[in-house]
Amino acid sequence: MTTVTGPGSARTGAEAAPIRRVREVPVFRSRFGTLYNDDVVAPSGATGHYLRWQARKEGAVVVPVGPAGYAFVSNYRYPIQAASLEFPRGSSEDGEGLAAAAARELREETGLVCASLRSLGVIHADTGILAAPIQVYVAEVDVATAGPAQPEAMESLTEPVWVTAGELPGWLAEGRITCGITLAALALLNAHGPAPADTRTAGRA
């Protein structure tokens, strides 16, 4: 039984019983990871299958912050057949740390250079299927040192779209930013510190 003593209070109670893996069943592999359709047993004793995607490399998402506010990129996402305003993200390369991966992805996708980098914590993008966590970073950037973006061949990105902290709630309410990873990164950033100062007018997507 879960007991709640008041708004915002800690909740107490037993953890949910685990769904146990009986057999690991890989069904697809690529250079990015492996898709499994495991044989599992539910707490009720019922047997079934559970899909999970295990990325081959750890992932990172970086929140670029500068005098103009937050920098997003409009990224065409094939699965939804639409452009999506997102923070730069990607996975680490062989022998590369996550902080270095975050700085590299920032530079490749936006041309912005990281002046300082701070870890905000970990998120799980979709706990129903994605096994690997994603590390969230916030990067202070110096727009004066920005260069051209160098996206990968299969990426379709625009130049950075700057949104001030004052404008951001309206953009969220209007549904202009719907990427779950980006929204979770914003939530962590909000929990860790103040928003950037609104010193300039934001760009438009």
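The values are calculated or read from the model by the stated rules, or taken from the named source; none is laboratory data. As the structure is a prediction and not an experimental result, all values here were calculated from the model. Backbone-built Cβ (ideal geometry, glycine too); neighbour counts: all protein chains shown. Only protein heavy atoms, including side chains, enter the accessible area calculation; ligands, DNA and RNA are left aside. Shrake-Rupley method; radii C 1.70, N 1.55, O 1.52, S 1.80 Å.
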Q.
Please compute the modelled spin-label separation between Leu183 and Glu96, points set 7 Å along Cα→Cβ, answer in nm with one decimal.
A. 2.8
Q: Could you give the spread of the C-alpha atoms of the chain along their three principal axes, from largest to smallest, in whole angstroms?
A: 60, 48, 33
Q. Considering only protein heavy atoms, what is the solvent-accessible area of Thr178 at a probe of 1.4 Å, reported in Å² to the nearest 10?
A. 90
Q) Can you give the accessible area of Tyr76, probe radius 1.4 Å, in Å² rounded to 10? A) 100
(Q) With a 1.4 Å probe and all protein chains kept in place, how much accessible area does Cys179 have, in Å² rounded to the nearest 10? (A) 10
**Q.** Amide N of the range 11-45 lying under 16 Å from the label point, which is placed 7 angstrom from the Cα of Ala131 along Cα→Cβ
**A.** 19-41
Q.
I'd like to compare 102-108, 51-57: which one has the highest average count of other Cβ atoms within 10 Å, and what's the full order after that?
A. 102-108, 51-57
Q. Given the rule -39500 (n - 2.57) for each run of at least 4 DSSP H residues, summed and divided by the residues of the chain, what is its mean residue ellipticity at 222 nm, to the nearest 500 deg cm²/dmol?
A. -4500 deg cm²/dmol
